[in-house]
1. Local charge sum around Gln61 (other residues, Cβ-Cβ under 10 Å, Lys/Arg +1, Asp/Glu -1)?
2. Rounded to the nearest percent, how much of the accessible area of the stretch 20-62 (1.4 Å probe, protein heavy atoms only) is carbon and sulfur?
3. Once every DSSP H run of n ≥ 4 in the chain is given -39500 (n - 2.57) and the sum is divided by its residues, what mean residue ellipticity at 222 nm do you get, rounded to the nearest 500 deg cm²/dmol?
4. Using a 1.4 angstrom probe with every protein chain in place, what is the largest-first accessible-area order of Asp10, Asp74?
5. What whole-number value in Å² describes the accessible area per residue of the chain for a 1.4 Å probe?
6. Sum up the charges of everything whose Cβ sits under 12 Å from the Cβ of Glu49, counting Lys and Arg as +1 and Asp and Glu as -1, but leave Glu49 out.
7. Using each residue's phi in the stretch 58-65, evaluate 6.51 cos²θ - 1.76 cosθ + 1.60 at θ = phi - 60° and report the 3J(HN,Hα) Karplus result to the nearest Hz, with x for Gly and Pro.
Amino acid sequence: MTVEYLVPPDRAEAFLQIVHEYERVRRRDGAAQWGIYRDTETNDRYVEEFLVASWAERLRQHARQTQADRDLEDRLATLGQEALVCAT
């Protein structure tokens, strides 16, 4: 899975702190690998990638989401705009 975020430079530090907290949620819910990368050509673009076993597992992740998970997502949304989500 790939998630792209557009994050203003003045919010990047806070965004990275929260997205690393969200890594624990991704791994808890079955992500075997996880990474966050900044696009060196577009400074406000960050790409989160994580690997799950199957699309069915990804759907189960949504079903297991807790209120605390939603709160973290809300915090991410205040710092950057989720631009694109795609399965790879």
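1. +2
2. C and S fraction of accessible area: 49 percent.
3. On the way: 3 runs with 39 residues, N = 88.
Helices in the chain give a 222 nm mean residue ellipticity of -14000 deg cm²/dmol.
4. Sorted descending by solvent-accessible area, the residues read Asp10, Asp74.
5. Result: 62 Å² per residue.
6. Net charge in that neighbourhood comes out at -2.
7. Coupling constants for the stretch 58-65: 4, 5, 5, 4, 5, 5, 8, 4 Hz.
The values are calculated or read from the model by the stated rules, or taken from the named source; none is laboratory data. Not measured: the values here are computed from a predicted model. Glycine also receives a Cβ, built like all others from the backbone with ideal geometry; neighbour counts cover every protein chain displayed. Heavy atoms of the whole protein, side chains included, go into the accessibility calculation; ligands, DNA and RNA do not. Shrake-Rupley method; radii C 1.70, N 1.55, O 1.52, S 1.80 Å.
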